[in-house]
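Working notes, beginning with the structure itself.
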Amino acid sequence: MATTLKTLLAILLVVTTLPSCKKEGPGGKASISGRILHHSLPITNATIYIKYGAQEFPGTDPSAYDVSVTAGTDGTYAFIELRKGNYYLFSIGYDSAISQTVKGGIPIRIKSKTENITSDIPVVE
């Protein structure tokens, strides 16, 4: 009888803690937004990739990332409805002032369920 009670308590513990073990990614109330900048100037129409659960650079292959967005004409981007956790953002675009492709990335950590982080992504040649 005691073994059965222990087993039931163990199952109850697992079932009640599963919802709190959600990983990084969509489904939350947090966000990351900012601008893509090269020497303080916005990069228009850059592509921004996001990797869920990462703090280190996953590489330049777009298939290594979970989702992408395109920056606006003022270089702005936004990823919304994220859960708290670790993310890596990587951007690639074209700087028409120097006629070159520019790229760069940064790790981001969302610390609370409703945090709205503003972070510009610096890109270089």
Seminar exercise, completed: Taking a label point 7 Å from the Cα of Ser96 along Cα-to-Cβ, the residues of segment 31-53 whose backbone nitrogen sits under 18 Å from it are 36-47
Exercise. Sequence-distant or interchain residues sharing an amide H contact under 5 Å with Lys29, placed H: which?
Worked result: Leu82
For this session: Could you order peptides 67-79, 109-121, 83-95 by the average number of other Cβ atoms within 10 Å of their residues, highest first?
Result: 83-95, 67-79, 109-121
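Taking 0.36 nm per intervening residue step and subtracting the Cα-Cα distance, what contour gain separates Ile80 from Val124 on full extension?
Taking Ile80 through Val124 to full extension adds about 13.3 nm, to one decimal.
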Seminar exercise, completed: Taking N as the number of residues in segment 24-122, the ratio of its alpha carbon radius of gyration to 2.2 N^0.38 Å works out to 1.02
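Since every read-out is calculated from the coordinates, none of them should be taken as a lab result. Values in this document were obtained by computation on a predicted structure and should not be read as measured data. Cβ: placed from backbone, ideal geometry, glycine included. Neighbour counts: every protein chain shown.
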